[in-house]
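What follows is one structure encoded as structure tokens, with my remarks underneath.
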Amino acid sequence: MKRDTIAAISTPPGQAGIGIVRLSGPQAQTIAARIFRPHRPRRFPFPGHRLILGQIISPDDGQVVDEVLLACMPAPHSYTREDVVEINCHSGYAVLQRIVHLTLQQGARLADPGEFTLRAFLSGRIDLTQAEAVLDTIQARSEAGLRVAAAHLAGGLGQKISRMRDSLLDLLSRVEADLDFGEELPELDCTTLLQPLHTLAGDIAALKQSYVQGRLLREGFQVVLAGRPNAGKSSLLNQLLQTERALVTEVPGTTRDVIAENLIIQGLPVCLVDTAGLRQAHNLVEELGIQRTEEQVARADLVLYLVDASRPWHPEDIRHLQALAGQPALLVRNKCDLPPAAPDDLIPAPWPHPVLAISALTGQGLPALKDAIFQAATGGTSSFSSQVVTQARHHQHLERCQHNLDQARELIASHQPAELVALELQAAIQELGAILGLEIDEAVLDRIFSQFCLGK
């Protein structure tokens, strides 16, 4: 681990009441002492885990930069397990940049993105799942996402992975003991490993499957509003958002481009996408808008296809419903506050998905629509578990680990040499270790921590 001292702004840019400059490393207190003048005399090194009132001054000319509160956290009782100093000053670009510049003049180096958390990981204070949970906490888009990130940050996921890895290590030790000391110990019957391997494979599979929910919490669920012009797509968007986000008129084709907005449905982050009406284009602008609609529909997690229930079925609606039958979609019969043009159960096309009746004008049927969106996203579960995998990297390692366990069981069942079984168990252990950061190369670490901001 690098032994130099790093500094960075740890609060987001913009005007606010407080900004924080953070230092970490062996010279953190020494550098801080050169630019900090306490209001009351203090013995160096400064007392730990207390706020000290004073001023930041320029050593060159003695000019006061700002009145601040200084907090010192001596090693190893700090975020990085190094000496850490946090300077709480007034927020504002000029103040924060000036203080950082002074720390750099006194020997600090500007921190790389995520370097504080990287040092916490390298010092052994947290494992890699906890380090990634720091970023998930910062980027959480809903209470459910925050709850999962907090559970991971507390070590829940890492502990679960560690327990499974320990179980595999126990099985591997039995196989290797038989290989190394077979003449001195009773011969190992490898078939006795099948049941514990079966149990572990099931646990791995369940954790891997949880990525379906975890990805939704991290990335959000994309719901595309589609349909012919004047079906009420923009009105529904406004009603769900409870704001006049999209322009609504009686003129067909008001929406020409894609409009995307976020909302939370039962803890699920949802990206609502309003699109241009699907119809025969009459000019280049309409053609481009319809092309974008088709692109959004193709990659949507869920399509809400709206029809005007007060008008007879249009041939284009029938064609679009047939095209959507093979992907996740809901048929939404809008304008149910008006007299219907035909009975609700008359759908002129094979339609395997739910049908809902709403009024985007009055809000009728919207609770049922929100519930249907949530059920489509979660597969019918009523809530999100805190023990879910949210990182694609974790999912990939779990997938490879499960493959190794399946291979090991096949080798045992076909009475193959124990050496081959040991190789598969070793590979599975390495995959779980990579999730925790026990066996991972520098390029992967760089890719993970480059997603962080400078001050974290």
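Going by the structure shown, is residue 100 free of Cβ contacts under 8 Å to residues at least 24 places away in the same chain, on the phi < 0 side of the Ramachandran plot and out of contact with any helix residue (DSSP H, G or I) (no Cβ under 8 Å at 6 or more places or on another chain)?
no
For region 9-20, enumerate the residues that are at pLDDT 85 or above and more than 24 Å from the chain's Cα centre (by Cα).
Correct list: 18, 19, 20.
Given the condition closer than 15 Å to residue 394 by Cβ, of a type in the set (S, T, N, Q) and assigned to a helix (DSSP H, G or I), answer yes or no: does some residue in region 100-117 qualify?
Checking region 100-117: not a single residue is closer than 15 Å to residue 394 by Cβ, of a type in the set (S, T, N, Q) and assigned to a helix (DSSP H, G or I).
Where in region 261-335 are the strands (runs of 3 or more DSSP E), entirely inside, with at least 3 residues that are in contact with a His (Cβ under 8 Å, 6 or more places away or on another chain) and modelled with pLDDT of 85 or more?
Correct list: 329-334.
Tell me, yes or no, whether region 136-145 has at least one residue that is over 18 Å from the mean Cα position of the chain (by Cα), surrounded by fewer than 17 Cβ atoms within 10 Å (Cβ to Cβ) and at pLDDT below 95. Steps first, answer last, please.
Within region 136-145, the first condition is being over 18 Å from the mean Cα position of the chain (by Cα), and the residues that meet it are none.
Taking every residue of region 136-145 in turn, none turns out to be over 18 Å from the mean Cα position of the chain (by Cα), surrounded by fewer than 17 Cβ atoms within 10 Å (Cβ to Cβ) and at pLDDT below 95.
I'd like the residue in region 177-206 that is assigned to a helix (DSSP H, G or I), touching a helix residue (DSSP H, G or I) at 6+ places or on another chain (Cβ under 9 Å) and more than 24 Å from residue 398 (Cα to Cα) and, out of all such residues, is modelled with the lowest pLDDT.
Checked region 177-206; the qualifying residue modelled with the lowest pLDDT is 178.
Residue 34 versus (1) touching a Pro at 6+ places or on another chain (Cβ under 8 Å); (2) charged (D, E, K, R); (3) loosely packed, with under 12 Cβ neighbours inside 10 Å: which is the lone unmet condition?
(3)
Just the residues that are of a type outside the set (Gly, Ala, Ser), at pLDDT 90 or above, surrounded by fewer than 20 Cβ atoms within 10 Å (Cβ to Cβ) and in a loop (DSSP other than H, G, I, E, B), please, taken from region 363-410.
Once the filter is applied, which keeps residues that are of a type outside the set (Gly, Ala, Ser), at pLDDT 90 or above, surrounded by fewer than 20 Cβ atoms within 10 Å (Cβ to Cβ) and in a loop (DSSP other than H, G, I, E, B), region 363-410 yields only 364.
Test of understanding: among 426, 430, 375, 396, which residue is polar (S, T, N, Q) and within 16 Å of residue 207 (Cα to Cα)?
Answer to the selection: 396.
Let's see how each residue does on (1) in contact with a helix residue (DSSP H, G or I) (Cβ under 8 Å, 6 or more places away or on another chain); (2) under 20 Å from residue 120 (Cβ atoms); (3) not basic (Lys, Arg):
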site: 39; (1), (2), (3): no, no, yes
site: 71; (1), (2), (3): no, yes, yes
site: 77; (1), (2), (3): no, yes, yes
site: 87; (1), (2), (3): yes, yes, yes
site: 96; (1), (2), (3): no, no, yes
site: 105; (1), (2), (3): no, no, yes
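May I ask you to list pairs of residues, at least six apart or on different chains, whose Cβ atoms are under 7 Å apart, with the first in region 294-321 being under 21 Å from residue 223 (Cα atoms) and the second being of a type in the set (Asp, Glu) and buried (at least 21 other Cβ atoms within 10 Å of the Cβ)?
That search, which allows pairs on different chains as well, returns 307/317.
So, in region 151-181, exactly how many residues are without any contact (Cβ under 8 Å) to a residue 60 or more places away in the chain and either aliphatic (A, V, I, L, M) or outside the structural domain of residue 416 (by TED's automatic domain parsing) (or both)? Explain how you work it out, then say what you get.
Pass one, region 151-181, residues without any contact (Cβ under 8 Å) to a residue 60 or more places away in the chain: 153-155, 159, 163, 166-167, 170, 173-174, 177, 180-181.
Retained after the next criterion (residues that are either aliphatic (A, V, I, L, M) or outside the structural domain of residue 416 (by TED's automatic domain parsing) (or both)): 153-154, 177.
Here the count works out to 3.
Considering only residues that are small (Gly, Ala, Ser) and surrounded by fewer than 22 Cβ atoms within 10 Å (Cβ to Cβ), look in region 190-234 and name the one that is nearest to residue 296 (Cα to Cα). Quick ask: steps written out before the conclusion?
Of the residues in region 190-234, the ones small (Gly, Ala, Ser) are 201-202, 205-206, 210, 214, 220, 226-227, 231-232, 234.
This time we only want the ones that are surrounded by fewer than 22 Cβ atoms within 10 Å (Cβ to Cβ), so: 201-202, 205-206, 210, 220.
On the way: 201: 37, 202: 36, 205: 31, 206: 31, 210: 26, 220: 15 Å.
Checked region 190-234; the qualifying residue nearest to residue 296 (Cα to Cα) is 220.
Please specify each residue of region 417-456 satisfying the condition of being out of contact with any helix residue (DSSP H, G or I) (no Cβ under 8 Å at 6 or more places or on another chain) and either crowded, with 19+ Cβ neighbours inside 10 Å or among the polar types (S, T, N, Q) (or both).
The answer is 430, 450.
The values are calculated or read from the model by the stated rules, or taken from the named source; none is laboratory data. Fair warning: this is a prediction, and the values are worked out from it, not measured in the lab. Cβ atoms come from the backbone with ideal geometry, glycine included; neighbour counts cover every protein chain shown.
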